[in-house]
Amino acid sequence: MQDYYNYIKSLHLIFVITWFAGLFYIVRLFVYHIEASNKPSPEKEILIKQYKLMSSRLWYIITWPSAILATVFAVTLLLISPGWLQQPWMHVKLAFVLLLFGYHFKCHRIYKQLQRDEIKHTPGFMRLFNEGATIILFAVVFLVILKNAVNWIYGLVSLLLFSILLMLGYKFYKRIREKKNS
């Protein structure tokens, strides 16, 4: 099985990438869906019908299968090289993977609500929520590349600063949009 390690690792990485792509795009579709609910008829109904279809296809054809396959290949890699589980950085990475699954399940809940025409969040909330996957992605990539849990302290500080910059960027972007629309 060790001979196949790099092939399995490549497949794992491919499905992690498509999983994140699905997570990034589904939340953007949530934003558009919520914004469409404020449009006048018949535009509202046409847009919502289209966003429901697009979300459904993305969620069940790309995002869920990618999450499952990324997990299957990750478990396979850990079975081939169980020594990785002894590494402190891997423990931190797996904590972020659990956080990513929490994010995924929250997206699933929002997806189901929007499919039932239940709007419980604002477009602004969804734009900020969209950054959650970005933060997890940064953390996991740096952990995997650096393989150092001690530097995690510096990484955490950097991650917090990055999050603050994202929020400030969002507020700046929101101001520009509001000026454009007025």
Given the criterion of a type in the set (Val, Ile, Thr), modelled with pLDDT of 85 or more and either more than 21 Å from the chain's Cα centre (by Cα) or exposed (fewer than 14 other Cβ atoms within 10 Å of the Cβ) (or both), identify the matching residue among Ile164, Ile176.
Ile176
What is the residue count in region 38-53 for residues that are loosely packed, with under 15 Cβ neighbours inside 10 Å and either touching a residue at least 12 places away in the same chain (Cβ under 8 Å) or over 21 Å from Leu128 (Cα atoms) (or both)?
11
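Of all residues in region 67-97, count the ones that are more than 12 Å from the chain's Cα centre (by Cα) and within 30 Å of His33 (Cβ to Cβ).
Step one: list which residues in region 67-97 are more than 12 Å from the chain's Cα centre (by Cα), which gives 68-95.
If we keep only those that are within 30 Å of His33 (Cβ to Cβ) as well, we get 68-71.
Residues meeting the conditions: 4.
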Tabulated pairs, region 1-28, first of a type in the set (Phe, Trp, Tyr), second not in a helix (DSSP H, G or I), C-beta under 9 angstrom, 6+ apart or interchain:
Tyr5/Ser81; Phe24/Asn130
Checked Ile62, Ile46, Ile119 against criteria (farther than 14 Å from Leu23 by Cβ and in contact with a Ser or Thr (Cβ under 9 Å, 6 or more places away or on another chain)); the one match is Ile119
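Give Ile110, Ile34, Ile80 a once-over and let me know the one that is closer than 26 Å to Ser10 by Cα and either in contact with a Ser or Thr (Cβ under 8 Å, 6 or more places away or on another chain) or surrounded by 14 or more Cβ atoms within 10 Å (Cβ to Cβ) (or both). If you could, list the steps in order and put the result at the bottom.
Details: Ile110 fails: closer than 26 Å to Ser10 by Cα; Ile34 fails: closer than 26 Å to Ser10 by Cα.
The match here is Ile80.
Scanning region 144-154 for residues that are more than 19 Å from the chain's Cα centre (by Cα), in a helix (DSSP H, G or I) and surrounded by 10 or more Cβ atoms within 10 Å (Cβ to Cβ), which turns out modelled with the highest pLDDT?
First, the residues of region 144-154 that are more than 19 Å from the chain's Cα centre (by Cα): 145-154.
Filter once more, so that each one left must be in a helix (DSSP H, G or I): 145-146, 152-154.
Remaining after also requiring surrounded by 10 or more Cβ atoms within 10 Å (Cβ to Cβ): 146, 152, 154.
Values: Leu146: 81, Trp152: 62, Tyr154: 70.
It comes out as Leu146.
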With respect to the numbered conditions (1) part of a loop (DSSP other than H, G, I, E, B); (2) over 27 Å from Lys9 (Cβ atoms), which one is the sole condition not fulfilled by Leu160?
(1)
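The values are calculated or read from the model by the stated rules, or taken from the named source; none is laboratory data. Note that this is a predicted model, so its numbers are computed, not measured. Note that we place each Cβ from the backbone using ideal geometry, even for glycine, and neighbour counts take in every protein chain shown.
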